[in-house]
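The next block holds one structure in the form of structure tokens; read it before the comments.
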Amino acid sequence: MQKEIERVQKEMSEKTVSHSVGGGMVTATARGDGTLAALKIDPRAVTAGDVEMLEDSVVAAVNGALTEARAMVQAAMSQVTAGLPIPGMGP
């Protein structure tokens, strides 16, 4: 089972998920290893002049992408472990 877990961890570190907020004005992409892969900001969000709203949108997009990445990894791991909790793999 250990080799299978390692294989899934490596596979998940290469997969990405994206989360958009503000009607697509800010999109964050996270890897399955919990790192941020990309952050896209629509130029219209910058020209709007509302820095606080842009900051809030960036935080929301990043948090959403990281949450989706964790869920993706958890789903993949639960298939390998048959639902058994593995320390460091769960929420």
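Suppose only helical runs count, i.e. DSSP H with n ≥ 4. What mean residue ellipticity at 222 nm does that imply for the chain under -39500 (n - 2.57) per run, divided by all residues and rounded to the nearest 500 deg cm²/dmol? Intermediate values should be presented prior to the final figure.
Values: 3 runs with 49 residues, N = 91.
Mean residue ellipticity at 222 nm (helix-derived): -18000 deg cm²/dmol.
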Taking Kirkwood radius over Cα pairs in Å as the quantity of interest, determine which of (i) 14.1; (ii) 15.5; (iii) 12.8 was computed from the displayed structure. (i)
Add +1 for every Lys or Arg and -1 for every Asp or Glu among the other residues with Cβ under 12 Å from the Cβ of Val26, and state the total. -1
When the chain is modelled as a GNM with alpha-carbon springs shorter than 10 Å, which of Ala30, Ala76, Ala61 fluctuates the most? Ala76
Top of Arg31, Arg44, Arg70 by mean-square fluctuation, Gaussian network on the chain, Cα under 10 Å: Arg44
For the stretch 16-59, shape from the Cα gyration tensor axes a ≥ b ≥ c, cut at a/c of 1.5 then a/b versus b/c, turns out prolate
Rounding to the nearest 10 and keeping the result within 0 to 90°, find how far the Cα-based axis of helix 2-14 lies from the longest principal axis of the chain. 20
Specify the residue with the greatest mean-square fluctuation among Met72, Met12, Met53, computed from a Gaussian network of the chain linking alpha-carbon atoms under 10 Å apart. Met53
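Read the figures in this text as sums done on the coordinates, not as results from a lab. If you're wondering where the values come from, they're calculated on a predicted model, not measured in any experiment. Positions of Cβ are backbone-derived with ideal geometry, glycine not excepted, and every protein chain shown enters the neighbour counts.
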